[in-house]
Amino acid sequence: MINDVAVVTGAGSGIGHSIALRLAVDHVIVAVDINSENLTKVVQEIILQGGQAHSIVGDVADRVTHIQAREVAAIKGTLRAWVNCAGWTRGAALHDFPSDPKVFEELIGTNQNGTFWGCAEAVHAFITNKTRGTIVNISSVHGRRAWRDHAVYEMTKGAVDALTRNVAVTYGPYGIRCNAVAPGAVMTPALAKSFADAPNPKERRENLEKLTPLKRIANPSEIAEVVAFLLSDKSSYVSGQSIAVEGAWTSALGAIDLDENLARRYGLDSRSGLPE
Ligand SMILES: NC(=O)c1ccc[n+]([C@@H]2O[C@H](COP(=O)([O-])OP(=O)(O)OC[C@H]3O[C@@H](n4cnc5c(N)ncnc54)[C@H](O)[C@@H]3O)[C@@H](O)[C@H]2O)c1
């Protein structure tokens, strides 16, 4: 019988959904999302694959959502892991940002305040329960590099990285670890929508692939595996880090094309770089 509990916010879709399914192998999942329909689906999916899951419908910007998640976790077992994944972006230039203050406040509310309250409730539970819990916050390459029209998003993800360091330093003496994962482009409903909304979706996708040395967009499960590692004892001495999972995107000075001569010389496909 599994007794370890993991809270996953944003579990209804994309990266959070993949993380919830991956962690359900050895955790009871408390899945949090604002979208009740998707939340019901992920809970059913976990139960169908033999796991245990419970849902909290709520806005992560409200502390009460996290308090509820903490309280449900306490009833279902021992809270060991907490993943703050709920987040979204709105691309707009600073000078052109929607003047409706709600957009600005809601973006900061979800990405930044949501992560803050998640960390606050997680450490509260770990300290009172005397457990050596672990937190993973989902950041972004945007927390460390700039891209036109992403000012507010980048501000929130920079804040997520800063908060991650603070939690790791403040609660490290009590055995609590906190890390962030900073994905590059990941194929989720959010990214698919951003492609669909672009004037030329195919070009937008190809541009992202070109900029990434691994020449492809990640699958959400590739992020979930790193989160699972950071929550496990295998990473017992890793804390306070923001780990980029982005196919070497932020290591590159620009787009690098595959060298066709090199590929031919070694019998590799001149487009994919893979064996012919
Ligand atoms: N997809 C990418 O390329 C990418 C890259 C880097 C970082 N990220 C980050 O990964 C996380 C997940 O992104 P995704 O692409 O899977 O998006 P997604 O839209 O597929 O999933 C996000 C989930 O969060 C939920 N959510 C949004 N606001 C919420 C709120 N206020 N309260 C509770 N739940 C809320 C949504 O309902 C949805 O289920 C985000 O933090 C995002 O910034 C994504």
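Just one residue in the set Glu246, Glu276, Glu209, Glu203 is under 30 Å from Ala92 (Cβ atoms), exposed (fewer than 14 other Cβ atoms within 10 Å of the Cβ) and among the acidic types (Asp, Glu); that residue is Glu203.
When you look at Ala81, is it away from the ligand (no atom under 11 Å from the Cβ) and buried (at least 17 other Cβ atoms within 10 Å of the Cβ), yes or no? The answer is yes for Ala81.
Of all residues in the stretch 35-56 being β-branched (Val, Ile, Thr) and surrounded by fewer than 17 Cβ atoms within 10 Å (Cβ to Cβ), which is nearest to the ligand (Cβ to nearest atom)? Show your work before the answer.
Let us first name the residues in the stretch 35-56 that are β-branched (Val, Ile, Thr), namely 40, 42-43, 46-47, 56.
With the extra rule that they be surrounded by fewer than 17 Cβ atoms within 10 Å (Cβ to Cβ), the set shrinks to 40, 47.
Working: Thr40: 12, Ile47: 18 Å.
Once the filter is applied, the top-ranked residue is Thr40.
Within the bounds of the stretch 198-214, is there any residue that is closer than 23 Å to Ala11 by Cβ and of a type outside the set (Val, Ile, Thr)? No. The set of residues in the stretch 19-34 being among the charged types (D, E, K, R) and either in a strand (DSSP E or B) or crowded, with 19+ Cβ neighbours inside 10 Å (or both) consists of Arg22, Asp33.
Here is the figure for the stretch 18-41: residues that are in contact (Cβ under 8 Å) with a residue 24 or more places away in the chain, touching a Gly at 6+ places or on another chain (Cβ under 6 Å) and either over 22 Å from Leu231 (Cβ atoms) or among the aliphatic types (A, V, I, L, M) (or both) total 4.
So which of Val8, Val60 is within 13 Å of the ligand (Cβ to nearest atom), part of a loop (DSSP other than H, G, I, E, B) and under 19 Å from Thr115 (Cα atoms)?
None of the other options fit; the residue is Val60.
Within this structure, Gly133 passes the test of being over 17 Å from the mean Cα position of the chain (by Cα), over 30 Å from Ser272 (Cβ atoms) and of a type in the set (Gly, Ala, Ser).
In the stretch 140-161, the residue that is surrounded by the most Cβ atoms within 10 Å (Cβ to Cβ) out of those that are within 12 Å of the ligand (Cβ to nearest atom) and part of a loop (DSSP other than H, G, I, E, B) is Ser140. The number of residues in the stretch 162-179 that are buried (at least 16 other Cβ atoms within 10 Å of the Cβ), over 16 Å from the mean Cα position of the chain (by Cα) and not charged (D, E, K, R) comes to 4. Listed by first and then second residue, the pairs with beta-carbon distance under 6 Å, at least 6 apart or on different chains, first residue in the stretch 238-249 and more than 10 Å from Val181 (Cβ to Cβ), second of a type in the set (D, E, K, R) and crowded, with 20+ Cβ neighbours inside 10 Å, are Ser239/Arg177.
Summed over the stretch 97-137, residues that are part of a helix (DSSP H, G or I), hydrophobic (A, V, I, L, M, F, W, C) and touching a residue at least 60 places away in the same chain (Cβ under 8 Å) total 1.
Pick from the stretch 1-27 the residues that are among the aliphatic types (A, V, I, L, M) and touching an Asp or Glu at 6+ places or on another chain (Cβ under 7 Å): which of them is modelled with the lowest pLDDT? Once the filter is applied, the top-ranked residue is Ile2. Looking only at residues that are away from the ligand (no atom under 13 Å from the Cβ), farther than 22 Å from Leu274 by Cα and outside any helix (DSSP H, G or I) in the stretch 182-219, which one is nearest to the chain's Cα centre (by Cα)? Per the criteria, the residue is Ala198. Of all residues in the stretch 63-96, those satisfying the criterion of being in a helix (DSSP H, G or I) and farther than 24 Å from Glu154 by Cα are Val64, Thr65, Ile67, Gln68, Ala69, Arg70, Glu71, Val72, Ala73, Ala74, Ile75, Lys76.
The values are calculated or read from the model by the stated rules, or taken from the named source; none is laboratory data. Please read these numbers as outputs of a predicted model, since none were measured by experiment. Neighbour counts run over all protein chains shown; Cβ positions are idealised from the backbone, glycine included.
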